[in-house]
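Chemist: Pasting a structure below so you can have a look.
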Protein chains: 2
Amino acid sequence: MKYIGIDLGGTAIKFGEVTVDGQIANRWEIDTPEDVIGAMAQEIKTHYDLAEIAGIGMTVPGPVSDEGYLPICANVPSIRKSYPAKELKEKLGKEGEHIKCAAGNDGKLATLGEYTFGAAKKYDSAVMVTLGTAIGGGIILPGGYMVYGAHDVAAEFSHIHVKDDEEDQCGCGGYGCLEQYASGTGLVREAKRAMDRSDEPSSLRSIDRDKLQARDVTNAAKAGDVLADRAVHYCFGFLGREFAKLSVIIDPEAYIIGGGVSKAGQYLIDVIRESYEPGLTICSNPAEIVLAELGNDAGMLGAVKLVMD
Amino acid sequence: MKYIGIDLGGTAIKFGEVTVDGQIANRWEIDTPEDVIGAMAQEIKTHYDLAEIAGIGMTVPGPVSDEGYLPICANVPSIRKSYPAKELKEKLGKEGEHIKCAAGNDGKLATLGEYTFGAAKKYDSAVMVTLGTAIGGGIILPGGYMVYGAHDVAAEFSHIHVKDDEEDQCGCGGYGCLEQYASGTGLVREAKRAMDRSDEPSSLRSIDRDKLQARDVTNAAKAGDVLADRAVHYCFGFLGREFAKLSVIIDPEAYIIGGGVSKAGQYLIDVIRESYEPGLTICSNPAEIVLAELGNDAGMLGAVKLVMD
């Protein structure tokens, strides 16, 4: 029997046949259509005989309730206010009656993927953050307890308030949210602000301002660019300080750093640790801070874990 | 069969016979002696026939590991680096062989007490803070999952860093910890600072400065004293803002406010809510903020719940 993982994003839907030990045996993707669930069902029927499939797990970019309800979904508006897993099962019809279908939040399932098959496999508890346009992630406590929260907004790290005097508004309506600094978007914004504040030389000035990306900033920083390095320290210092607070709130064994910005590697880990460790006044055993291992596959793997259980 | 709850503090040990529905049928207390565990065993033998006791649960003012080990205990130094429950069972001897003994952190057990028998009974998840000299408390997630943390320092709310430019050092060695503001001690300090900053009239000026207590400040504030009211808002504003952050980290159904300062009642709840609600940018269902119901009995009741399970 086979397991299929689906990673639903705003521009593409990625499919993968996942083995019980977390390998992806077969993968393909399609552009995200209007009829998301119909297309998923069609793709699976085209690629597989439904009789050989035991379960299908999918990530969705929004909060999913215990009952599988997705109230909001900014990136894929056509599936908001729906029960995606239930609808997929319906579309699979009579032949798919035996298939277990489940859906979960992408950040939480990426965490479950890393916890089951990746960087967090050796820990009993972990907090994961995926640093991209925003900050996704999840919290898994000792014994494998995934924290969803009473209203499905646990681990929404993007919107932890970290700065009082921010002038720009966050997408959530607030000012000074963590994602305004410790994300790819936040880092690019800070690098531009830093260039505007002075005439300090920087290799970033030779890059078209509208095309500046987070990896340009981390690459420049790693190559010794002082302005870029200061921007990385400024932005991800907020994350390290939040980790220190999380260590007296939920006290995880490890923090797992994923998402596009994490490609900066050990340099980024060292930056985060610099602001994390001074905040640990009562923790004699600081949590480890490590890089994620599964990249973009983490969500798909976590989604399959959801239906394997 | 009977259950005994023990609440171990730095000055007194409180004992109670607790019924399965959370009533205290019989209670007494002794001054905390040097030989804490020996005295506990003696008290129980004096008051009861060990054959009629099913379990004994105790709170300790320190972190307790899964294995029952207490590495540190500032208020009762004689029991640090010990296994209090295991030692109690040993002291009860052969007659007490059938008795289940367990020990847990006082703040976490008070939370369990309120969750089982008190203000949090109607919620599936809750965060409790006990506002006294410091800030104790606990986190219970949906399904009754108590958060201890990987290193037993979860829910150590006292030492969440909330202010960068604090001059006074916290007991933990840090500067700007939550307990330096949102505790009884913090409130008294802030009221004194406010009186020193100006000649603004306040009823608090007529109280002997060395005897000023948190309840004097909350009572004055409730009676309309502007300086006192501002001090309460200043101190517990930090708590409300932290609750807003906790709502996107662990997203509990309710916050339970206990400890001596909570005797200020609904006034204090309203002050906390004033700073909590503006921080809830992505939470369409804010958590409730309510007063604890069990007072000083919460810990003893939670301790018994620990051995009833």
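Chemist: Any chance you could look up the accessible area of B:T11 with a 1.4 Å probe, heavy atoms only, rounded to 10 Å²?
Modeler: 120
Chemist: Once you place label points 7 Å from the Cα toward the Cβ at B:T19 and A:R197, how far apart are they in nm?
Modeler: 6.5
Chemist: A follow-up question, please. Can you send over the carbon and sulfur percentage of the accessible area for chain B, probe radius 1.4 Å, protein chains only?
Modeler: 47
Chemist: From the label point of A:M1, set 7 Å from Cα along Cα→Cβ, how far away are the matching label points in the other copies, in nm, ordered shortest to longest?
Modeler: 4.0
Chemist: Taking B:P201 in one copy and the same position in all the others, each labelled 7 Å out along Cα→Cβ, what are the pairwise distances from the first, in nm, shortest first?
Modeler: Spacings between copies for this position, smallest first, are 6.6 nm.
Chemist: Which residues, if any, in the range B:234-248 lose at least 50 square angstrom of accessible heavy-atom surface (probe 1.4 Å) when the other protein chains sit next to their chain rather than the chain being alone?
Modeler: Residues losing area: B:K245, B:V248.
Chemist: Looking only at B:A120, B:A39, B:A25, which one moves most when chain B is put into a Gaussian network model with springs between Cα atoms under 10 Å?
Modeler: B:A25
Chemist: Another question about this same structure. Cross-link list A:K122/B:K100; A:K245/B:K163; A:K122/A:K163; A:K245/B:K108; B:K2/B:K45; B:K108/B:K305: which exceed 23 angstrom alpha carbon to alpha carbon?
Modeler: Over 23 Å Cα-Cα: A:K122/B:K100; A:K122/A:K163.
Chemist: Hey, another quick one. What fraction, in whole percent, of alpha-carbon pairs in the protein assembly as shown exceed 33 Å separation?
Modeler: Cα-Cα pairs in the protein assembly as shown separated by more than 33 Å: 51 percent.
Chemist: Starting from the Cα-Cα distance between B:K81 and B:W28, subtract it from 0.36 nm times their residue separation and give me the gain in nm to one decimal.
Modeler: Extra length from B:K81 to B:W28 when fully extended: 16.4 nm.
Chemist: Where the label is 7 Å out from Cα toward Cβ, how close does B:D31 come to the same position in every other copy, in nm, shortest first?
Modeler: So the distances to the same position in the other copies read 8.3 nm.
Chemist: From the C-alpha coordinates alone, can you work out the Kirkwood hydrodynamic radius of the range A:169-309, in Å?
Modeler: The Cα-based Kirkwood calculation yields 16.4 Å.
Chemist: Find out how many positive minus negative residues lie around B:L291, taking Lys and Arg as positive, Asp and Glu as negative, among other residues whose Cβ is under 14 Å from that of B:L291.
Modeler: Cβ neighbours under 14 Å give a net charge of 0.
Chemist: Also, quick follow-up: Going by Cα centres, the range B:1-65 and the range A:170-211 are how many Å apart?
Modeler: A separation of 59 Å, based on Cα centres.
Chemist: Let me check I have the definition right: for the range A:1-111, take the eigenvalues of the Cα gyration tensor, multiply each by 5, take square roots. What are those semi-axes in whole Å, largest first?
Modeler: 20, 15, 14
Chemist: Which value, in Å² and to the nearest 10, is the accessible area of B:R80 when all protein chains are kept and the probe is 1.4 Å?
Modeler: 130
Chemist: So what's the gap between the Cα centers of the range B:250-294 and the range A:228-271, to the nearest angstrom?
Modeler: Measuring centre to centre over Cα atoms gives 30 Å.
Chemist: Shifting gears a bit: Taking chain A as a Gaussian network, Cα atoms linked when under 10 Å apart, which of A:I44, A:I139, A:I56 shows the biggest mean-square fluctuation?
Modeler: Evaluated over chain A, the most mobile residue of the options is A:I44.
Chemist: While we're on this one: If I build a Gaussian network model for chain A, linking alpha-carbon pairs within less than 10 angstrom, which residue out of A:T218, A:T19, A:T59 has the largest mean-square fluctuation?
Modeler: A:T19
Chemist: Could I have the simple spin-label model distance between B:A54 and A:M1, label points 7 Å from Cα toward Cβ, reported in nm to one decimal?
Modeler: 4.0
Chemist: Please list, short to long, the whole-number percent of alpha-carbon pairs of the range B:156-243 in consecutive 10 angstrom bins beginning at zero.
Modeler: Here the calculated profile for the range B:156-243 is 18, 50, 28, 4.
Chemist: Further question: Tell me the total accessible area that A and B bury against each other, 1.4 angstrom probe, in square angstrom rounded to 100.
Modeler: The A and B chains share an interface burying roughly 2900 Å².
Chemist: Still on this structure, please answer the following. So which residue of B has the beta-carbon closest to the axis that swings B onto A, and how many whole Å away?
Modeler: Closest Cβ to the B-to-A rotation axis, residue and whole-Å distance: B:Y145, 3.
Chemist: Setting aside same-chain residues fewer than 8 positions from A:K94, which aspartates and glutamates have a Cα under 18 Å from its Cα?
Modeler: Cross-link targets: A:E43, A:D49, A:E52.
Chemist: List the trypsin sites (Lys or Arg not before Pro) within the range A:235-292 that fall in a DSSP loop (any state other than H, G, I, E or B) and whose Cβ has at most 14 other Cβ atoms within 10 Å.
Modeler: Counting only loop positions with at most 14 other Cβ atoms within 10 Å, none of the trypsin sites (Lys or Arg not before Pro) in the range A:235-292 qualifies.
Chemist: Still on this structure, please answer the following. Roughly how large, in nm² to one decimal, is the mean projection of the convex hull of the alpha-carbon atoms in chain B?
Modeler: 16.6
Chemist: Taking all protein chains together and a probe of 1.4 Å, list A:H159, A:H98 from the most accessible to the least accessible.
Modeler: A:H98, A:H159
Chemist: Here is a further query. Provide the net charge surrounding A:E166, with neighbours chosen by a C-beta distance below 13 Å and charges set as Lys +1, Arg +1, Asp -1, Glu -1.
Modeler: -3
Chemist: To check you understand DSSP bridge types, tell me what percent of the beta bridges within the range A:1-143 (both residues inside) are antiparallel, rounded to 5.
Modeler: 60
Chemist: Hey, another quick one. Which value, in Å² and to the nearest 10, is the accessible area of B:W28 when all protein chains are kept and the probe is 1.4 Å?
Modeler: Probe radius 1.4 Å; accessible area of B:W28 about 40 Å².
Chemist: How much net charge surrounds B:A254 when only other residues with a Cβ under 9 Å from its Cβ are counted (Lys, Arg +1; Asp, Glu -1)?
Modeler: -1
Chemist: Right, here's the next one. Report the antiparallel proportion of the DSSP beta bridges in the protein assembly as shown as a percent, rounded to a multiple of 5.
Modeler: In the protein assembly as shown, DSSP labels about 55 percent of beta bridges as antiparallel.
Chemist: Same structure again: Based on the Kirkwood radius over alpha-carbon pairs, what value in µm²/s does the Stokes-Einstein equation return for the translational diffusion coefficient of the range A:57-117 at 20 °C and 1.002 mPa s?
Modeler: 176
The values are calculated or read from the model by the stated rules, or taken from the named source; none is laboratory data. For clarity, every value in this text was computed on a predicted model and none was experimentally measured. Virtual Cβ from ideal backbone geometry, glycine too; neighbours counted across all protein chains shown. Surface areas here come from the heavy atoms of the whole protein model, side chains and all, with no ligands, DNA or RNA. Shrake-Rupley method; radii C 1.70, N 1.55, O 1.52, S 1.80 Å.
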